[in-house]
Amino acid sequence: MKLVRYHNSPLYDPSANYTSLRDEMDRLFDVAFPALSTLQREGFFGELQGQFPMDLYQEKEAVVVRAELPGFRKEDLEVEIADGVLTITGHQKTESKGDDAKKAGVTTQERRVSRAISLPEHLTLDKIQATYENGVLTVRLPKSEAVKPKQIAIDVK
Amino acid sequence: MSLLTKNETKAPVTRTVTPRYDVRETGDAYVLTALVPGVERSSLETTVDGETLTVTGRRTFTVPEGWTAVHREIPQVDYRLVLEIDRRFNRDGIKAELSQGVLTLTLPKAEAVKPRKIEILG
């Protein structure tokens, strides 16, 4: 078990210099009462805060990021890597005509969510795979050869 | 609003969470949208029993062997939404659609509550 300082957590937003007490309390409540957190968010999709839950996994050959982004079209999602920071953005504009004769005209709904995480080093950036299934985006970032555990045969003389 | 969350009398066997949902009214139906990311079509179930509409969705993702979680925010709980539907709904015509973690349920209004025009005679 490695002890890692909380602020060095990979999902710690590098653009923020500190985590406010309020954020800390929000986080605590989100973890303890997941159902409650949906209540406090405004708007159905809760996109006003531009946040969505994310998981980060390590496996032997790769680092895997899973993000819950329900209701997007594939082309509305963007995965970008620059300078060791992975940014996932969802941007969607939907235009719906009023179903009612009373509400004539077109309603435009726009939602934009974005999150950035800093990545560990030693990843093969050109072999990244991203899939979107059941509203969950999975990004697989293979580790470069240098950090993969390797078996080294020892010759016994 | 005629769709109310029904208090569950029996304690659920497994821990579940109520998905976020929204109900819109159109001319001849109510359209319910619920966010159930991580749920496949085969693990989603919508049942109508008497006056109760139940939607259950199981998350199909399990952490594969050999993966270590570094950071987790996605709750590993299944979804369960229990709503009361009264006579204003035509329960035979309920349609369900699941697309990228968004469930859309169309609950047609019963004939009795549909708006209708009455011709004026004479």
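Looking at segment A:117-157, the pairs of alpha carbons with a distance over 11 Å make up 74% of the total. The P(r) of chain B has a tail past 16 Å containing 66 percent of all C-alpha pairs.
Across the residues of A:133-141, average count of Cβ atoms on other protein chains within 10 Å?
Working: counts 7, 17, 11, 9, 2, 1, 0, 0, 0.
If you average over the peptide's residues, the count of other-chain Cβ atoms is 5.
Bridging of A:LYS60 to aspartates and glutamates at a Cα separation below 19 Å is possible for A:GLU121, A:ASP126, A:GLU145, B:GLU65, once same-chain residues fewer than 8 apart are set aside. With a Cα cut-off of under 25 Å and a minimum spacing of 8 residues unless on different chains, the lysine pairs in segment B:6-122 number 6. Between the amide H of A:GLU133 and those of A:THR138, distances stay under 5 Å, these residues lying 5 or more places away or on another chain, with hydrogens modeled in the peptide plane.
Per residue of peptide A:54-60, the mean number of Cβ atoms on other chains within 10 Å of the residue Cβ is 6. Packing order of peptides B:90-102, A:62-74, B:63-75, highest average first: A:62-74, B:90-102, B:63-75 (average count of other Cβ atoms within 10 Å over each peptide's residues).
Just so you know, all these numbers are worked out from the coordinates, no wet-lab data involved. Computed from a prediction, not measured in an experiment: that's the story for all the values here. All Cβ positions, even for glycine, are placed from backbone atoms using ideal geometry, and neighbour counts span all protein chains on display.
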